[in-house]
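Below is one structure, written out as structure tokens, with a few remarks after it.
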Amino acid sequence: MSFSRPQDVDDRRACWVCFASEEDDSEASWVQPCRCRGSAKWVHQNCLQRWIDEKQRGNSTTKVSCPQCNTEYIIIFPKLGPLFYILELADRIINRMCPFVAGGIFLGSVYWTAVTYGAVTIMQVLGHKEGLNMMERADPLFLLIGLPTISVFLILGKMVRWEDYILRLWRKHSSKLPLLNYFFPDGVTRPSRIPADTIPLSDPISATRVLCGALILPTVATIFGKLLFGSVQSNFQRTLLGGVAFITMKGVLKIYYKQQQFLRQANRVIHDYKEETQPQQQLQP
């Protein structure tokens, strides 16, 4: 008596993408693209093609592997004419070069913006005619190197927090200066604790303030020079004096504001919690 042996599990075809079996579609093309065994090794050719398209997302050069055994699929393309391969090579070169070209364009834009800003600053500080004459007489190479550094030095100068150094000396020796009691009333000049530090320079808002303050400094210095030192004939000296006056006035106000803020934080008090009870009004009949 003979018994029919059941079909081996490896021979049972079931697509792991659409879960269809061989009986569901007898005309479908099957493929074993990886090292998986059992029913997981079979997949429809069309289903696998669609799945690979989803993984590649339009980039046919992206390598795709089996999600189960991590075997890289062997993808064979049909042979085409030499023109196609030339165009494909050009496309790859362009894709690799574009990030570097874009970075170069960005750096070039920043550089020429800094050159323009430096030229405008020179004409603003020295005067329009004197600034143009000075740049015409100067070496072009010197201008290409020196003009962009104007904005760099302004930003570096703005990052020097000389007010904090003076403020530390103020807090250290304030008790020896009775004149400070005129600005700070008694009972507030002595902090009861040391509060936490203020926002550091790494904060994005503080960094943008440094950048904006540094770039508008020549304009503000020119305005202050015309308002406070209008009698000075030299435009450069007038702007320089206006800049020194503005930096000094701003520094004094900043030191006063920071000291008041420091004392305000140092002398704050946290009160006890008291539950407020409101008397309930009884309605009379």
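The values are calculated or read from the model by the stated rules, or taken from the named source; none is laboratory data. Here the structure is a predicted model, which means the values were calculated and not measured. Don't worry about glycine lacking a Cβ; one is built from the backbone with ideal geometry, like all the others, and counts go over all protein chains shown.
Residues that are farther than 20 Å from Gly131 by Cβ and either acidic (Asp, Glu) or at pLDDT below 75 (or both) occur at least once in the range 205-228.
Only a single criterion out of (1) surrounded by 14 or more Cβ atoms within 10 Å (Cβ to Cβ); (2) touching a strand residue (DSSP E or B) at 6+ places or on another chain (Cβ under 8 Å) is not satisfied by Lys41, namely (2). Take the conditions loosely packed, with under 12 Cβ neighbours inside 10 Å, in a helix (DSSP H, G or I), without any contact (Cβ under 8 Å) to a residue 60 or more places away in the chain and not assigned by TED's automatic domain parsing to the domain that holds Met135 and apply them to Glu54. Does it pass? Yes, satisfied. What are the residues in the range 221-251 that are within 24 Å of Ile166 (Cα to Cα) and either surrounded by fewer than 16 Cβ atoms within 10 Å (Cβ to Cβ) or of a type in the set (Gly, Ala, Ser) (or both), if any? Across the range 221-251, the qualifying residues are Ala221, Gly242, Gly243, Val244, Ala245, Thr248, Met249, Lys250, Gly251.
Can you pull out the residues in the range 64-96 that are of a type outside the set (S, T, N, Q), within 22 Å of Arg35 (Cβ to Cβ) and surrounded by 10 or more Cβ atoms within 10 Å (Cβ to Cβ)?
Residues satisfying the conditions are Val64, Cys66, Pro67, Cys69, Glu72, Tyr73, Ile75.
Selection over the range 125-143 of residues that are surrounded by 12 or more Cβ atoms within 10 Å (Cβ to Cβ) and not acidic (Asp, Glu) gives a count of 10. The requirement of being part of a helix (DSSP H, G or I) and either in contact (Cβ under 8 Å) with a residue 24 or more places away in the chain or touching a helix residue (DSSP H, G or I) at 6+ places or on another chain (Cβ under 7 Å) (or both) is satisfied by Arg92.
Pairs are defined by a Cβ separation below 8 Å, a sequence spacing of at least 6 or placement on different chains, a first member in the range 237-266 that is among the aliphatic types (A, V, I, L, M) and at pLDDT 85 or above, and a second member that is outside any helix (DSSP H, G or I) and buried (at least 16 other Cβ atoms within 10 Å of the Cβ); the pairs so defined are Leu241/Phe229; Leu241/Val232; Ala245/Phe229.
From the list Gly81, Gly58, pick out the single residue that is at positive phi and at pLDDT below 85. After applying the criteria, what remains is Gly58. For the range 252-265, how many residues are within 13 Å of Asp164 (Cβ to Cβ) and touching a helix residue (DSSP H, G or I) at 6+ places or on another chain (Cβ under 9 Å)? So the answer is 5.
For the range 230-269, a residue qualifies if it is assigned to a helix (DSSP H, G or I) and either β-branched (Val, Ile, Thr) or in contact with a strand residue (DSSP E or B) (Cβ under 6 Å, 6 or more places away or on another chain) (or both), and the qualifying residues are Thr239, Val244, Ile247, Thr248, Val252, Ile255. Scanning the range 57-98 for residues that are within 38 Å of the chain's Cα centre (by Cα), not β-branched (Val, Ile, Thr) and not assigned by TED's automatic domain parsing to the domain that holds Gly38 yields a total of 10.
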